[in-house]
Amino acid sequence: MRRVMRREFMPLADQSTHDGVGSVIAQHGTSGPTVMLDAHMDEFGGMVRRVTPADAE
């Protein structure tokens with residue numbers, strides 16, 4: 001999986017590295033906004049940004 005992620009990142013990043021637990025770190029440029037794409041080979045996660053009542057429209 002790490003190989004696939006690095007291959008996909010390379011056209012978009014200036015450099016790509018990885019750590020001992022399988023995380024892939026890609027960097028493009030040295031300034032501007034920071035974006036993190038978080039994934040793991042055996043887990044799926046999400047972030048809740050807003051909760052609204054069921055009857056709200």
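Miscellaneous remarks
- For region 1-36, the set of residues classified as hydroxyl-bearing (S, T, Y) and in contact with a strand residue (DSSP E or B) (Cβ under 7 Å, 6 or more places away or on another chain) consists of S16, T17, listed by residue number.
- Restricting the chain to residues that are among the acidic types (D, E) and in a loop (DSSP other than H, G, I, E, B) leaves a set whose member that is modelled with the lowest pLDDT is E57.
The values are calculated or read from the model by the stated rules, or taken from the named source; none is laboratory data. Just so you know, these numbers come straight off a predicted model, no measurement behind them. We place every Cβ from the backbone using ideal geometry, glycine too, and count neighbours over all the protein chains shown.
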